[in-house]
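Undergrad: Let me give you the structure first, and then I'll get to my questions.
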Amino acid sequence: MKKESSSKWTTDEIDYIKSCFKDGKRSKTNRMISMRLNRPISEVKNIVKRLKLAEGIENPLQSPKKEKAVGISFDDIKHNQCRAIISDDGEPCVFCGKKTVTGTSYCEEHKKKYFISVQRRKTMALIPASVS
Ligand SMILES: [Zn+2]
């Protein structure tokens, strides 16, 4: 079955979407945009894709990708690596080793475990480094 084609997008609507992508960040999710404009989310996605708005944009609104704990020994740990101890099998301490959140000794995941974040908004904008 063919989908009903919806009405044309107005310049104002397009401009609104563009305004949600500024300074290398997006301020609204596709869902938020679709609700605000009362448009199907699939169309919002299409527009975002067509205008290449999301290219090169980090998305702090989506939860960061789950990063696997590296598992490193104390000797190997660097100052920007998470110090949470993840070994629980009686071996010498193995530390998480994921990239730390600025200002803490823990990665995002362990920081959440150990602290009640009062700066959630700020930390949400932090993008975890990919492990290679
Ligand atoms: Zn960690």
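Undergrad: For the stretch 72-115, go through all pairs of different Cα atoms, get the mean of 1/r, take its inverse, and jot down that Kirkwood value in Å.
TA: Details: mean 1/r = 0.0969 Å⁻¹.
Its Kirkwood hydrodynamic radius stands at 10.3 Å.
Undergrad: Under 5 Å between amide H atoms, partner at least 5 residues away or on a different chain: which partners does Q81 have, H built in plane at 1.01 Å?
TA: The answer is T100.
Undergrad: Could you give log10 I(q)/I(0) at q = 0.20, 0.21, 0.27 Å⁻¹ for the stretch 11-50, computed by the Debye formula over C-alpha point scatterers of equal weight, without solvent?
TA: -0.50, -0.56, -0.93
Undergrad: Sticking with this one: Would you pull out the residues with amide H under 5 Å of I86's amide H, same chain only if 5 or more places away, H placed 1.01 Å from N?
TA: Here V94, F95, C96 satisfy the definition.
Undergrad: Further question: Amide H to amide H, which residues 5 or more places from L51 or on other chains are under 5 Å from it, using H placed in the peptide plane?
TA: Counting only residues 5 or more places away or on other chains, the set is empty.
Undergrad: Using Cα pairs closer than 8 Å and at least 6 residues apart in sequence, work out the relative contact order for the stretch 72-115, in percent. Walk me through the numbers before you get to the answer.
TA: Values: 69 pairs, mean separation 15.8, N = 44.
The value is 36 percent.
Undergrad: Taking 0.36 nm per intervening residue step and subtracting the Cα-Cα distance, what contour gain separates I41 from I85 on full extension?
TA: On the way: separation 44, 0.36 × 44 = 15.84 nm, distance 4.19 nm.
Taking I41 through I85 to full extension adds about 11.6 nm, to one decimal.
Undergrad: What order, most packed first, do the peptides 50-57, 25-32 have when packing is the mean number of other Cβ atoms within 10 Å of each residue?
TA: On the way: 50-57: 11.9, 25-32: 16.0.
With the highest mean Cβ count within 10 Å placed first, the list reads 25-32, 50-57.
Undergrad: When the chain is fully extended, how far beyond the present Cα-Cα distance does K52 get from T11, taking 0.36 nm per residue of separation? Don't skip to the end; give the middle numbers.
TA: Values: separation 41, 0.36 × 41 = 14.76 nm, distance 1.64 nm.
Computed gain between K52 and T11 is 13.1 nm.
Undergrad: Distance from a point 7 Å along Cα→Cβ of D75 to each backbone N in the stretch 97-111: keep the residues under 19 Å and list them by number.
TA: 97
Undergrad: Then there's this: Using the structure shown, list the pairs from K28/K98; K25/K112; K22/K99; K25/K45; K25/K78 with a Cα-Cα distance above 18 Å, or answer none. List each step's numbers first, then the result.
TA: Values: K28/K98 28 Å; K25/K112 23 Å; K22/K99 26 Å; K25/K45 16 Å; K25/K78 29 Å.
Cα-Cα > 18 Å for K28/K98; K25/K112; K22/K99; K25/K78; rest within.
Where a number appears in this text, it was derived from the coordinates with a stated rule and is not lab data. Keep in mind that this is a model prediction, so the values were computed, not measured. Please note: Cβ atoms are built from the backbone with ideal geometry, for glycine as well, and neighbour counts cover all protein chains shown.
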